[in-house]
Number of protein chains: 2
Amino acid sequence: MTDDLVDRLRLLRTAGIGPVTYRQLIARFGTAAAALDAVPDLARRGGGKPPVLHSRADAEREIARVEKLGAKYLTIGQGLYPRLLAQLEDAPPLLIAKGKLTLLDQPAVAMVGARNASAAACRFARGLAHDLGRQGLVVVSGLARGIDSAAHDGALENGTIGVIAGGIDIFYPPENEARQTALFQQGLVLAEMPPGTEPRARHFPYRNRIIAGLATGTIVVEAAPRSGSLITARLAAEAGREVMAVPGSPLDPRAQGCNQLIRDGATLIQGAEDVLESVAPAQTRFASPVDRFEPATAQANSEDAVSIVEELLGPSPAPVDEIIRLSGASPGAVQMALLELDLAGRLDRHAGNKVSLRPA
Amino acid sequence: MTDDLVDRLRLLRTAGIGPVTYRQLIARFGTAAAALDAVPDLARRGGGKPPVLHSRADAEREIARVEKLGAKYLTIGQGLYPRLLAQLEDAPPLLIAKGKLTLLDQPAVAMVGARNASAAACRFARGLAHDLGRQGLVVVSGLARGIDSAAHDGALENGTIGVIAGGIDIFYPPENEARQTALFQQGLVLAEMPPGTEPRARHFPYRNRIIAGLATGTIVVEAAPRSGSLITARLAAEAGREVMAVPGSPLDPRAQGCNQLIRDGATLIQGAEDVLESVAPAQTRFASPVDRFEPATAQANSEDAVSIVEELLGPSPAPVDEIIRLSGASPGAVQMALLELDLAGRLDRHAGNKVSLRPA
C-alpha cells in the first residue's frame with residue numbers, strides 16, 4: 001500500500017470529483033497529495049464550500065479489501081494501465097483488476113449486444129469470439145446476459161476481459177457467478193467502482209465507456225434501437241475507434257439497431273476476417289504510445305477568471321473551447337477557474353468537453 | 001409501319017451489328033437507311049466481307065407480328081423511350097413493349113434477387129414493392145421466380161415493369177404466364193429480343209442491363225455470391241445508379257451476396273423510407289434531359305486510319321480512348337475505323353468501351 005495510492009483514492013472517491021476533474025487536478029498539482037492540499041482553497045475561490053475529502057482510513061480500508069479479494073489497482077498513466085483506455089477524456093483514473101493482467105498488453109476488440117439475443121446470434125457471437133481469439137485478439141465485453149456471455153465463453157481459452165458495472169466482488173446478474181469466476185482464473189475482470197458496489201442503471205454507461213475504450217474497435221451483435229449496446233458503439237465512435245455491426249433481416253426487430261449502425265457507417269461484419277480487416281489500420285495507428293496525461297502548462301490564474309467564466313456559463317452545456325475563446329483569458333486560467341467552480345459544487349461537466357453552471 | 005422503323009430493324013437484326021455499332025452507325029449517317037447503304041462499303045474498307053443484311057421482308061414480318069401481339073416498338077431517342085435507359089453506352093436501340101406505356105414516364109427503382117429466396121424475403125420484397133408503389137415509384141424487375149415475382153406482385157396495383165430475356169410472347173418460367181399477362185394489362189412488359197425468341201442463358205445479362213438502366217437505383221433482396229442479381233447490381237453501379245441491398249444474418253447463406261454488396265458500399269435498406277432517401281438525389285440528377293444520342297461530329301476518315309487502328313489492336317481488350325490517343329488520329333477517324341473493322345467481323349466490343357481484334 002503506497003501513500004500515493006491512498007492519496008489518489010482519497011481524491012477520486014471524494015464526492016464531486018469525477019475522472020475529468022481528477023485528471024486536471026493531477027495535471028495542475030503534479031501529485032494527488034498536492035491536489036488534496038489544494039482542493040479546499042480552490043473550492044473557496046470558486047465560491048463554494050470545500051468538499052468533504054474522502055478519509056484516509058476509508059481509503060486504506062478499501063485498499064486492504066481489494067488486496068484480500070486478490071485484486072489489484074491499475075493507475076492511469078502507470079504500469080499495465082491500458083494505453084488505449086488512457087486516451088479517453090474521462091478515462092477512469094483507477095481500475096480494480098482481478099485475473100491475468102497480461103491480457104491488458106494485447107490488442108483487443110469489444111463485442112456487445114442484446115441481453116435477450118436470439119440463440120442464433122449467441123451462437124454466432126461465440127464462434128466469432130473464438131475465431132478472434134485464435135487470431136490473437138482479446139475479446140472485451142460486459143459480463144451481461146446474452147451476447148456478452150456468449151462472447152466471453154467463445155474467447156475464454158484465448159483471452160477475454162469482462163468489465164463490470166459494480167464492484168469486483170459482485171456477481172451481476174447472479175447466474176453469471178461461475179462465468180465471472182472463470183474470468184478471474186483464465187481471463188480478467190475490471191471494475192471502476194469500489195468493492196461491494198451493487199450495480200445501478202447509471203453505472204452501465206460508465207462501464208460501457210471502459211469497454212469501448214479498451215478496444216481498437218467495437219462489434220455489435222443484435223441490438224434493438226436505443227439499447228445500451230448502441231451507446232457503447234457511439235462511445236467507441238467518439239473515441240475514434242472502429243464500429244462494426246453484424247447485420248440481420250429487416251424483419252427481425254433485434255437486427256434493427258445493427259442495421260441502422262451500418263447505415264450510419266459502421267462496418268458490416270460477417271466473420272472474423274472482416275473484423276481483422278477493419279481493425280488492422282487502427283491497431284497500427286494506436287500502437288504508438290500516446291500519453292495524454294502530461295501536466296498542462298501551469299499558468300498564472302487571473303484574479304478575475306472565476307467571475308468572467310461564471311458570467312459566460314449558463315444552465316445549458318457550452319463547449320470549454322468556446323468559453324476560453326469568449327473569456328479572452330488564457331486556456332490555463334479558464335481551466336483553473338472551471339476547476340475551482342467544479343470543486344465548489346457549482347459546475348456540471350458533460351460529454352464532448354462541455355460545461356454548465358449548476359442551478360442553485 | 002414506317003419505313004424508318006423497317007430500316008432500323010433491318011440494321012439492328014443484321015448479324016454482327018450490336019447496340020453500340022448500331023448507335024455509331026446512326027450517329028455517323030443520320031438515318032438507318034443511310035447506314036444500311038453504307039455498311040457494305042464500310043465492311044470492305046475494314047478488310048472483311050460485307051455482312052448479309054437482315055431482309056426487308058423479315059423486318060416487315062416482325063413488325064406485323066408485334067402489332068398483332070398488341071405490342072409496340074420503342075425507338076431510342078424518340079417518344080416514350082426511357083431517357084435513363086438511353087444513357088447506357090449499350091442501350092437497346094429498339095424495345096418491344098406491351099402494357100401501360102405511361103409507366104415509362106415515372107421514376108423507377110429496380111428490385112431483383114434470388115429465384116430460390118426464402119419465404120420471409122419474398123414477403124419482405126412484396127411489402128417493400130407495395131410501399132414504393134404507394135410513394136409513386138414504378139418497380140422494375142425481371143419476371144423470374146422468387147424475389148422478381150414478389151416485387152411485381154407487390155407493385156402491380158401502383159405500377160410495375162417486367163423486363164424479359166425472351167420474346168414478348170414467351171412466358172418464362174411457364175408458371176409466370178398469369179403474372180406476365182397481368183403485367184400486360186396493369187403493368188408493362190419490355191423485351192429486347194424479337195417475338196418467338198426462347199430465352200437462353202446468354203440473354204439474361206443483356207436483360208439485366210435493361211433492368212438496371214431503367215431505374216435510378218437497384219435493390220437486391222437475398223442473393224447468393226456470384227448470382228445474376230449481383231450482375232444487375234454491378235451494371236447499375238457502372239451506370240452510375242444507386243445500389244441498395246437488404247441485409248441478412250451472416251448465418252444465412254442467401255444473405256451473403258447482399259451483405260457483401262453492403263460491405264462494398266451499397267446502401268443498406270430496411271424499408272421504403274431508406275430507398276426513397278437513397279434515390280432522391282439521383283432522381284434530381286437524372287431529371288434533366290440528357291441526350292447522348294446526338295450525332296458525333298463527322299470527321300474526314302483518314303485513309304490510313306484502319307491500318308493504324310488495326311496495328312494498335314490486339315487480342316486483349318483495350319480502351320477506345322487509349323487507341324485514339326496512341327493513333328494520333330482524330331476521335332472521329334478512329335471511331336470510323338473501328339466501325340469498319342466491326343462491320344467486317346474483325347472487331348470484338350467489350351464492357352467499359354474496350355475493343356479487341358477478333359482472332360482470325
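The values are calculated or read from the model by the stated rules, or taken from the named source; none is laboratory data. Note that the structure is a prediction, hence the values are computed from the model and not measured. FYI the Cβ positions are ideal-geometry reconstructions off the backbone, even for glycines, and counts take in every protein chain you see. We work out accessible area using only protein heavy atoms, side chains counted, and drop any ligands, DNA or RNA first. Shrake-Rupley method; radii C 1.70, N 1.55, O 1.52, S 1.80 Å.
Entry remark, the range A:205-241: residues being open to solvent by 20 Å² or more (accessible area, probe 1.4 Å), in contact (Cβ under 8 Å) with a residue 60 or more places away in the chain and of a type in the set (A, V, I, L, M, F, W, C) number 2 in total. Counting only helices (runs of 4 or more DSSP H) that fall entirely inside the range A:181-272 and contain at least 2 residues that are over 26 Å from B:VAL246 (Cβ atoms), the qualifying elements are A:203-214, A:228-238. Among the residues of the range B:107-125, write down those that are within 12 Å of another protein chain (Cβ to nearest Cβ) and of a type outside the set (A, V, I, L, M). Passing the criteria: B:SER118, B:CYS122, B:ARG123, B:PHE124.
Is the range B:127-135 home to any residue that is within 25 Å of B:THR216 (Cβ to Cβ), within 14 Å of another protein chain (Cβ to nearest Cβ), open to solvent by 20 Å² or more (accessible area, probe 1.4 Å) and not acidic (Asp, Glu)? Yes, the range B:127-135 contains a residue that is within 25 Å of B:THR216 (Cβ to Cβ), within 14 Å of another protein chain (Cβ to nearest Cβ), open to solvent by 20 Å² or more (accessible area, probe 1.4 Å) and not acidic (Asp, Glu). Taking the criterion of being under 30 Å from A:GLY248 (Cβ atoms), touching a Ser or Thr at 6+ places or on another chain (Cβ under 8 Å) and in a loop (DSSP other than H, G, I, E, B), would at least one residue in the range A:99-114 satisfy it? Yes, the range A:99-114 contains at least one residue that is under 30 Å from A:GLY248 (Cβ atoms), touching a Ser or Thr at 6+ places or on another chain (Cβ under 8 Å) and in a loop (DSSP other than H, G, I, E, B). Can A:GLY113 be described as among the small types (Gly, Ala, Ser), crowded, with 18+ Cβ neighbours inside 10 Å and farther than 19 Å from A:GLY159 by Cβ? Against the criterion (among the small types (Gly, Ala, Ser), crowded, with 18+ Cβ neighbours inside 10 Å and farther than 19 Å from A:GLY159 by Cβ), A:GLY113 qualifies. Looking across the range B:180-192, the residues that are under 15 Å from B:TYR73 (Cα atoms) and open to solvent by 10 Å² or more (accessible area, probe 1.4 Å) come down to B:PHE184, B:GLU192.
Reported count of residues in the range A:251-270, each being in contact with a Pro (Cβ under 9 Å, 6 or more places away or on another chain), within 9 Å of another protein chain (Cβ to nearest Cβ), under 20 Å from B:LEU128 (Cβ atoms) and surrounded by fewer than 23 Cβ atoms within 10 Å (Cβ to Cβ), is 2. With A:LEU104, A:LEU143 as the choices, which residue is more than 14 Å from chain B (Cβ to nearest Cβ) and either surrounded by fewer than 21 Cβ atoms within 10 Å (Cβ to Cβ) or under 18 Å from A:TYR172 (Cβ atoms) (or both)? Just a single option satisfies the conditions, and that option is A:LEU143. Only one of the listed residues (A:PRO195, A:PRO247) is surrounded by fewer than 24 Cβ atoms within 10 Å (Cβ to Cβ) and either free of Cβ contacts under 8 Å to residues at least 40 places away in the same chain or more than 11 Å from chain B (Cβ to nearest Cβ) (or both). That residue is A:PRO195. A Cβ distance below 6 Å, combined with a sequence gap of six or more or placement on separate chains, defines the contacts here; from the range B:27-47, residues that are touching a residue at least 60 places away in the same chain (Cβ under 8 Å) and open to solvent by 70 Å² or more (accessible area, probe 1.4 Å) reach residues that are part of a helix (DSSP H, G or I) and among the acidic types (Asp, Glu) in the pairs B:ARG45/B:GLU340.
The set of residues in the range B:63-82 that are in a helix (DSSP H, G or I) and crowded, with 20+ Cβ neighbours inside 10 Å contains only B:VAL66.
Among the criteria (1) open to solvent by less than 70 Å² (accessible area, probe 1.4 Å); (2) over 20 Å from A:ARG44 (Cβ atoms); (3) not hydroxyl-bearing (Ser, Thr, Tyr), the one A:GLU340 does not fulfil is (2).
Would you check if B:PRO225 is closer than 27 Å to A:VAL221 by Cα and over 26 Å from the mean Cα position of the chain (by Cα)? Answer is no for this residue. Counting the residues of the range A:48-57 that are in contact with a helix residue (DSSP H, G or I) (Cβ under 7 Å, 6 or more places away or on another chain) and either surrounded by 16 or more Cβ atoms within 10 Å (Cβ to Cβ) or over 30 Å from A:ALA360 (Cα atoms) (or both) gives 4. Considering only residues of the range A:271-286 that are open to solvent by less than 40 Å² (accessible area, probe 1.4 Å) and at pLDDT 85 or above, which is farthest from the other protein chains (Cβ to nearest Cβ)? It comes out as A:VAL279. Here A:ILE324 fits the description: away from chain B (no Cβ under 14 Å) and either at pLDDT 80 or above or in a strand (DSSP E or B) (or both).
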